[in-house]
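S.K.: Here you go, one structure.
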Amino acid sequence: MVFTTKGVVLRQRSIGEEDMILTICTADLGQIEVTARRTKSVKSRLSGAIHVACYSEFVLYRGRHDRYYINSATALSAFFGLREDVEKLSLASYFCELMQLVAPVQEGAGDCLRLLLNTLSFLESGKYPNDFLKAVYELRLLSVSGFMPDLVGCASCGEYTREEMYFFPVSGRLLCGDCGGKAEGSLPLSDSVLHAMRHIVFSPFEKLYGFRLSDRSLKSLASVTERFVLAQIDHPCKTLSFYHAIRLPEGEMNHEAT
């Protein structure tokens, strides 16, 4: 059975001397693994369409044991601009790794793919700060992948807002200061950061990027969303560690990326 699908390459891994297995996020099939034969050859016609973060159209066939193989691939958006900036390239790699960890396998992933494509496009263009895109991507991706936090109000008293509001990354819940929000593991949220988180989770996709924060609030938002990701995936994220390492002075470590 031969068919066509479009998707972003999330991961490559070598098989033998010539072949690769690609992990691809598609709208119709979700996250799938496909075998790309003889792709390490300098003469391979696939090489320009199968690198990580490339959006391509794939002609696939399903072989024995329901395994997918590539007949041909054509790059639709290669995002070459990301490869001119090591920080952007490392962030794009993190976006792909996170997608691989949380996107549904072999079922529809249209919302996930749309989010990834828009984020990569904005990252390449420089339209938004990197930390802004990272925070929006992290929180929205987890929300559409079954990890949506409960940001409607305090999980105890139900209040939409209070003078003191706290977020718990492990449970994904809010508690106000009067209901024990200062407990161990909680993160204090300013009004602007809480409003931004609610916007990211609940807004229509067309308005997802339609908010602004001060530099201080953006830094706080980025810290909260990353802590939420790390608490939910419970998995080492090498690309995130590398992203932080290249942004820090030599010898420093980022405690949130460990």
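The values are calculated or read from the model by the stated rules, or taken from the named source; none is laboratory data. Quick caveat, the model's predicted, so the values are computed rather than measured. Neighbour counts are summed over all protein chains in view; Cβ atoms, including those assigned to glycine, are modelled from backbone coordinates with ideal geometry.
S.K.: Determine which member of the set Tyr69, Tyr55 is without any contact (Cβ under 8 Å) to a residue 40 or more places away in the chain, touching a Ser or Thr at 6+ places or on another chain (Cβ under 8 Å) and not assigned by TED's automatic domain parsing to the domain that holds Thr239.
M.R.: When all the criteria are applied, what remains is Tyr69.
For (1) within 18 Å of Phe202 (Cα to Cα); (2) charged (D, E, K, R); (3) surrounded by fewer than 19 Cβ atoms within 10 Å (Cβ to Cβ), each residue gets a yes or a no:
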| residue | (1), (2), (3) |
| --- | --- |
| Leu120 | no, no, no |
| Phe147 | yes, no, yes |
| Ala155 | yes, no, yes |
| Cys176 | no, no, no |
| Lys182 | no, yes, yes |
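S.K.: Consider only pairs whose beta carbons are under 8 Å apart and that are at least six residues apart or on different chains; among these, list those whose first residue lies in the stretch 171-197 and is under 16 Å from Ala155 (Cβ atoms) and whose second residue is part of a helix (DSSP H, G or I) and among the basic types (Lys, Arg).
M.R.: Filtered contacts from the stretch 171-197: Leu187/Arg227.
S.K.: Something else: Please pick out the residue among Arg62, Arg173 that is more than 18 Å from the chain's Cα centre (by Cα) and at pLDDT 95 or above.
M.R.: Result: Arg173 is the single residue among Arg62, Arg173 that is more than 18 Å from the chain's Cα centre (by Cα) and at pLDDT 95 or above.
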